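Take a look at the structure set out below.
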């Protein structure tokens with residue numbers, strides 16, 4: 001038949017900016033009988049990159065104005081510095097008049113407390129690929145005060161807010177610290193913590209209030225509220241904090257090697273790293289015969305994820321497992337005068353051998369048509385209900401070209417064979433696992449040898465008896481002659 005091989009190539013599929021794009025995929029195929037004339041097919045695919053939404057989370061930064069007054073300037077949280085080139089700010093006084101940051105710092109508030117508003121917005125570069133808007137579509141705004149004398153308290157979390165699931169509660173009071181700008185920390189009795197399941201930092205009604213610190217993997221929001229007078233001395237660097245508990249990474253189960261032994265294999269018994277408490281198997285889960293089988297393993301607990309160096313893996317993953325064939329080394333014995341293919345006795349119940357005689361010209365010859373003195377070779381073919389579970393190898397372990405048959409050396413029909421096979425001598429008979437002819441495979445040859453040996457024994461016995469009778473007759477004749485002479 002004709003084999004077609006397809007090789008797709010892609011053009012226009014590497015983009016970074018927001019937009020709608022068209023990619024072309026070109027697939028060319030060739031006939032293995034004519035490599036010089038490939039056929040090509042082109043398809044067009046449309047794909048889109050959408051704007052990334054920047055999470056609106058304010059973070060306080062300690063500043064001093066021109067008169068030495070400390071205040072907490074609010075900015076959009078950007079710990080990794082990803083958005084620094086895209087977000088800009090506007091400032092407004094209490095009457096809504098826009099000020100520059102320099103103008104704001106130049107105001108002498110004296111002993112008063114002035115409240116200002118900061119508005120975050122995207123510049124032209126940021127608008128291309130990002131969004132930064134509240135639910136009503138406006139730019140985010142927040143107030144801050146100058147002249148209130150409060151110090152900045154910065155919250156820090158275990159694992160910088162990203163820890164791995166281990167079955168224990170996370171982000172408890174012992175794992176949160178409120179560091180004061182001038183040194184020291186806010187006392188644990190001077191603030192309360194509320195935990196929410198979700199990731200909305202601006203509207204807690206979109207999250208689920210928890211009764212305590214979270215345990216399971218997921219996204220959470222923590223709201224810290226100063227109390228017991230601490231709110232008069234400090235201001236937090238944020239109104240809400242996003243934290244995460246990552247699923248515990250576990251390795252995909254691996255499959256142990258299995259070789260046909262006549263018994264049924266269960267996939268669960270062959271797996272290393274399989275945990276039935278958090279995983280489930282489906283597909284071809286049990287087999288006896290050699291072959292390749294397909295199953296799936298699925299994580300049933302969201303607190304766990306498959307370990308990977310790249311992108312996250314889906315909970316359900318394929319598992320391919322194999323039962324290998326038994327390898328029988330090519331061994332022949334010609335001790336009976338005709339070659340016999342040797343199969344270890346422990347496999348005799350699963351596989352047998354049938355033979356063909358082949359002459360020097362490669363023709364198959366029936367046993368009844370064999371000619372004494374002519375040379376033949378025997379071809380052993382594996383047979384029986386379990387034959388598909390076996391394959392024959394050479395002495396170096398290479399599977400033969402036809403894995404289920406082997407050919408002997410040439411032998412001369414009708415002559416007693418040399419017990420030493422030129423390629424592989426017979427194994428010691430004292431070895432219980434030594435290869436022996438399968439049941440029934442050498443009966444006709446063995447019977448022939450027994451019959452021949454029996455005939456030789458009978459002929460030898462008759463010859464001995466004849467010689468004995470001749471000797472007796474000669475003795476009797478000699479006695480008679482001696483008596484006649486005396487008479």
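Numbers at a glance
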quantity: Sites residue 128 and residue 182 - FRET efficiency at Förster radius 25 Å, r taken between beta-carbons, to 0.05; calculated: 0.05
quantity: 20 Å tail of the calculated P(r), the range 180-286, as % of Cα pairs; calculated: 62 percent
quantity: Overall form of the range 38-186 per C-alpha gyration tensor (a/c, 1.5; a/b vs b/c); calculated: oblate
quantity: Net lengthening on full extension, residue 248/residue 327 (0.36 nm per residue, minus Cα-Cα); calculated: 24.3 nm
quantity: FRET efficiency for residue 41 and residue 15, using Cβ-Cβ distance with R0 set to 25 Å, rounded to 0.05; calculated: 0.60
quantity: Ordering of 54-64, 251-261 by packing [mean C-beta count within 10 Å, highest first]; calculated: 54-64, 251-261
quantity: Point-to-point label distance, residue 194-residue 142, nm (Cα→Cβ direction, 7 Å offset); calculated: 1.6 nm
quantity: Prolate/oblate/rounded call for the range 230-302, Cα gyration tensor, a/c under 1.5 rounded; calculated: prolate
quantity: Whole-Å distance, taken between Cα centres, linking the range 86-137 and the range 220-238; calculated: 23 Å
quantity: Theoretical gain in end-to-end length, residue 294 to residue 62 [0.36 nm per residue, Cα-Cα removed]; calculated: 77.5 nm
quantity: Residues in the range 89-131 reached by a label modelled at residue 204 [backbone nitrogen below 17 Å; 7 Å Cα→Cβ]; calculated: none
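A short reminder: the numbers here are calculations on the coordinates, not readings from a lab. All of these numbers come straight from a predicted model, not from anything done at the bench. Counting neighbours? That spans all protein chains shown, and the Cβs are built from the backbone with ideal geometry, glycine included.
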